[in-house]
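Below: the structure, in structure tokens.
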Amino acid sequence: MKSSTQRREVIAKEFLNCFGGDPQCWCRAPGRVDLMGSHTDYNLGAVLTLPIGRDTWIAARPNHSRTVNLHSLNLGADASFSLDSTEKNLDQPWIDYVHGVAEELREEGLRLVGFDGVIHSTVPLSSGLSSSAALECAAATVFEVLGGWQLTPLKKALLCQRSENRYVGVNCGILDQFTSCMGEEGCALLLDCRDLTSRPVAIAEGIRIVICDTKSKRELAGSEYGERRADCEEGARLLGASSLREVGFAQFSAREHELPPQVAKRCRFILEEHARVLALAGALSAGDRALIRHLTAASFDGACQLYEIAAPAMHTMMAAMLEAPGVIGARQAGAGFGGCMVAFVEAAQVEAFAAAVRSRYATATGIESEIYPVTAAAGAGMI
Ligand code: GLA
């Protein structure tokens, strides 16, 4: 789909087919890519995050009932739920992301209105760019508009995170929902997960952010995500801290040998990664290519050796990215275990970079990757 006008037409046509008539309200929320800060969010550290132009749209119309009826254009599937029931739809689990949000909003005492809606997303599903948060935050915005009340973007992000924790059952941190709700057009966000504040970070002229999708699917629920989180919590507990954010590097180094080896590796990665986030924020605005290259390489190295979240496809992609023309630096993105990676590329060479990565990755794996530049988009809202 080339333009937003075409996208709007396709969605409106599908709405007419499914429900008759026209939608009354259009909402969207973006996906995200983390530029630095793997798994630092649930350790209350920092993340440098980018809300991206790939987003989820919902076109909706109130249906004067207590039922939400949804059609997913991406999946070609229909599903419904009642606003008065918490029962999950085992056949169409994707609707949990919307149903869970409704549950959280209802518990807040907010008035909920049943609606018919068509969902369309340009965030690739299950690839580490937060398609689930984009759906949650777009859905929360629809409920907000139709219900006639307003949440602050931060409150919306927190409720969407809680719905994923409680209803969907994924113990994620705040990164995805925060980015999707709080995004600002044109800049990255330096997010502090301890006090839930952020500040905009400009990306130096001439540097582009390029997503490199390994096309190896990953799932958060049931993956090793929870085990990594448990290792970090164990580390903080053994060090007598409420979270790894409270542990200083000197304190950690002095007591590292007391920790079980695996726990020590996980904690070391988080502490180093947090420091890299702060350093990258400066390097990215200043356009310090050498530092960007150094920090991204160290992040990937830690992801392989210490946090152990690098799937084989990620090693192959990393090699392809680092050999391609115009590359400044590259690393993992999202939770790891496959999915998308991220490269920092000279603007003038983005096309040559993409062509080279595609071809090298295809030769090595037989898999067609997807390589595309992204720019910073605004957070969830009406279209
Ligand atoms: C997933 C989670 C986030 C965060 C990242 C890793 O995207 O949903 O909360 O933990 O992984 O940084």
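List every residue pair whose Cβ atoms lie under 9 Å apart, where the two residues are 6 or more positions apart in sequence or sit on different chains, the first residue falls within the stretch 23-40 and is more than 22 Å from Gly226 (Cβ to Cβ) and open to solvent by 10 Å² or more (accessible area, probe 1.4 Å), and the second residue, located anywhere, is among the aromatic types (Phe, Trp, Tyr) and more than 8 Å from the ligand (Cβ to nearest atom). Note: pairs meeting the criteria are Pro23/Phe15; Gln24/Phe115; Trp26/Trp57; Arg28/Trp57.
Can we say Gly186 is open to solvent by 50 Å² or more (accessible area, probe 1.4 Å) and without any contact (Cβ under 8 Å) to a residue 60 or more places away in the chain? Considered against the rule, which asks whether it is open to solvent by 50 Å² or more (accessible area, probe 1.4 Å) and without any contact (Cβ under 8 Å) to a residue 60 or more places away in the chain, Gly186 comes out as no.
Just one of Asp231, Asp301, Asp192 is in contact (Cβ under 8 Å) with a residue 60 or more places away in the chain and either surrounded by fewer than 17 Cβ atoms within 10 Å (Cβ to Cβ) or among the acidic types (Asp, Glu) (or both); which is it? Talk me through it step by step, then tell me what you get.
On the way: Asp231 fails: in contact (Cβ under 8 Å) with a residue 60 or more places away in the chain; Asp301 fails: in contact (Cβ under 8 Å) with a residue 60 or more places away in the chain.
It is Asp192.
Of the listed requirements (1) within 16 Å of the ligand (Cβ to nearest atom); (2) open to solvent by 10 Å² or more (accessible area, probe 1.4 Å), Arg61 misses just one: (1).
In this structure, does Asp213 turn out to be assigned by TED's automatic domain parsing to the domain that holds Glu136, buried (at least 18 other Cβ atoms within 10 Å of the Cβ) and charged (D, E, K, R)? No: the conditions fail for Asp213.
Checking Leu135, Leu146 one by one, the residue that is open to solvent by 10 Å² or more (accessible area, probe 1.4 Å), more than 16 Å from the ligand (Cβ to nearest atom) and in a helix (DSSP H, G or I) is Leu146 and no other. Taken as a whole, the structure places Leu280 among residues that are in a helix (DSSP H, G or I), within 22 Å of Ser180 (Cβ to Cβ) and not β-branched (Val, Ile, Thr).
Among the residues that make up the stretch 169-180, is at least one of them farther than 23 Å from Leu70 by Cα and more than 13 Å from the ligand (Cβ to nearest atom)? Looking through the stretch 169-180, none of the residues is farther than 23 Å from Leu70 by Cα and more than 13 Å from the ligand (Cβ to nearest atom). In the condition set (1) more than 16 Å from the ligand (Cβ to nearest atom); (2) open to solvent by less than 70 Å² (accessible area, probe 1.4 Å), Ser242 is compliant with all but (2).
Scan the stretch 356-375 and tell me whether some residue there is under 21 Å from the mean Cα position of the chain (by Cα), closer than 21 Å to Glu205 by Cα and among the aliphatic types (A, V, I, L, M). Quick ask: steps written out before the conclusion?
First, the residues of the stretch 356-375 that are under 21 Å from the mean Cα position of the chain (by Cα): 369-375.
Pick out the ones that are also closer than 21 Å to Glu205 by Cα and you get 371-375.
Filter once more, so that each one left must be among the aliphatic types (A, V, I, L, M): 371, 374.
The answer is yes, given that some residue of the stretch 356-375 is under 21 Å from the mean Cα position of the chain (by Cα), closer than 21 Å to Glu205 by Cα and among the aliphatic types (A, V, I, L, M).
For the stretch 77-97, a residue qualifies if it is in a loop (DSSP other than H, G, I, E, B) and under 23 Å from the mean Cα position of the chain (by Cα), and exactly one does: Gln92.
Selection of the stretch 158-183 for residues being under 17 Å from Leu129 (Cβ atoms) and open to solvent by 50 Å² or more (accessible area, probe 1.4 Å) yields only Met182. Do we find a residue being touching a Phe, Trp or Tyr at 6+ places or on another chain (Cβ under 7 Å) and open to solvent by less than 10 Å² (accessible area, probe 1.4 Å) anywhere in the stretch 280-295? Yes: one or more hits.
Within the group Gly109, Gly100, Gly117, which residue is more than 12 Å from the ligand (Cβ to nearest atom) and surrounded by fewer than 20 Cβ atoms within 10 Å (Cβ to Cβ)?
Numbers: Gly100 fails: surrounded by fewer than 20 Cβ atoms within 10 Å (Cβ to Cβ); Gly117 fails: surrounded by fewer than 20 Cβ atoms within 10 Å (Cβ to Cβ).
Exactly one residue qualifies, and that residue is Gly109.
Working only within the stretch 12-38, note down all residues that are in a strand (DSSP E or B) and within 16 Å of the ligand (Cβ to nearest atom). If the condition is that a residue be in a strand (DSSP E or B) and within 16 Å of the ligand (Cβ to nearest atom), then Ala29, Pro30, Gly31, Arg32, Val33, Asp34, Leu35, Met36 are the ones that fit.
The values are calculated or read from the model by the stated rules, or taken from the named source; none is laboratory data. This one's a predicted model, so the numbers in the text were calculated from it and none came from an experiment. Virtual Cβ from ideal backbone geometry, glycine too; neighbours counted across all protein chains shown. Calculation scope for accessible area: heavy atoms of the full protein, side chains included, ligands and nucleic acids excluded. Shrake-Rupley method; radii C 1.70, N 1.55, O 1.52, S 1.80 Å.
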